[in-house]
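The values are calculated or read from the model by the stated rules, or taken from the named source; none is laboratory data. Remember, predicted model here, so these are calculated numbers, not experimental data. Here Cβ is always computed from backbone atoms with ideal geometry, including for glycine, and neighbour counts include all displayed protein chains.
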Amino acid sequence: MNKLTKPEEQIMQFIWKLKKAFLKDIVEQFPEPKPAYTTISTVVRVLVKKKFLDYKTFGKTREYYPLVSKKKYFSEYMNDIIFSFFNGSSGKFASYFTKNEDLNLSELEEIKDLIEKKIENIKKENG
């Protein structure tokens, strides 16, 4: 899957949130000062070309919708980071946060709870 540039990712965030949108709906999502309509239109065309978006035509306007879910993109993005920076090791990735980030006790407990729940689910699946 292609990686998104920052402007492409920003537009995809809006479309994931809206589920489907006309160009004017996307423009409205931007804070002031809004980028030029033509700039947003160009980025949207690139996203269609990259197969992140598709559209339905209504007269002269197009309603855009995502072809790639936010979950799928995020998962592949994170896998790329783990592969590139942590030699493909999820354990090294997790270890990074406990060693290099200033996590407070509640954040560490939240991570611990998530891991324990995942372990329980795997145990149930494997009987």
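Would you pick out the residues in the range 13-27 that are more than 11 Å from THR61 (Cβ to Cβ), loosely packed, with under 13 Cβ neighbours inside 10 Å and in contact with a helix residue (DSSP H, G or I) (Cβ under 9 Å, 6 or more places away or on another chain)? Answer for the range 13-27, where residues must be more than 11 Å from THR61 (Cβ to Cβ), loosely packed, with under 13 Cβ neighbours inside 10 Å and in contact with a helix residue (DSSP H, G or I) (Cβ under 9 Å, 6 or more places away or on another chain): just LYS17. Does the range 22-41 include one or more residues that are under 15 Å from MET1 (Cβ atoms), in contact with a Leu (Cβ under 7 Å, 6 or more places away or on another chain) and not small (Gly, Ala, Ser)? The answer is no; no qualifying residue exists.
Within the range 111-127, residues that are in the same structural domain as PHE97 (by TED's automatic domain parsing) and surrounded by 10 or more Cβ atoms within 10 Å (Cβ to Cβ) sit with their Cβ atoms under 9 Å from residues that are not hydroxyl-bearing (Ser, Thr, Tyr) and not in a helix (DSSP H, G or I), at 6+ positions apart or across chains, in these pairs: ILE111/LEU103. For the range 40-53, the set of residues classified as out of contact with any helix residue (DSSP H, G or I) (no Cβ under 8 Å at 6 or more places or on another chain) and either over 19 Å from PRO66 (Cα atoms) or β-branched (Val, Ile, Thr) (or both) consists of THR42, VAL48, listed by residue number.
When the range 42-61 is limited to residues that are hydroxyl-bearing (Ser, Thr, Tyr) and farther than 18 Å from THR5 by Cβ, the one that is surrounded by the fewest Cβ atoms within 10 Å (Cβ to Cβ) turns out to be THR57. With the condition kept exactly as written, say whether any residue in the range 62-78 is of a type in the set (Lys, Arg), assigned by TED's automatic domain parsing to the domain that holds GLU8 and surrounded by 14 or more Cβ atoms within 10 Å (Cβ to Cβ). Taking every residue of the range 62-78 in turn, at least one turns out to be of a type in the set (Lys, Arg), assigned by TED's automatic domain parsing to the domain that holds GLU8 and surrounded by 14 or more Cβ atoms within 10 Å (Cβ to Cβ).
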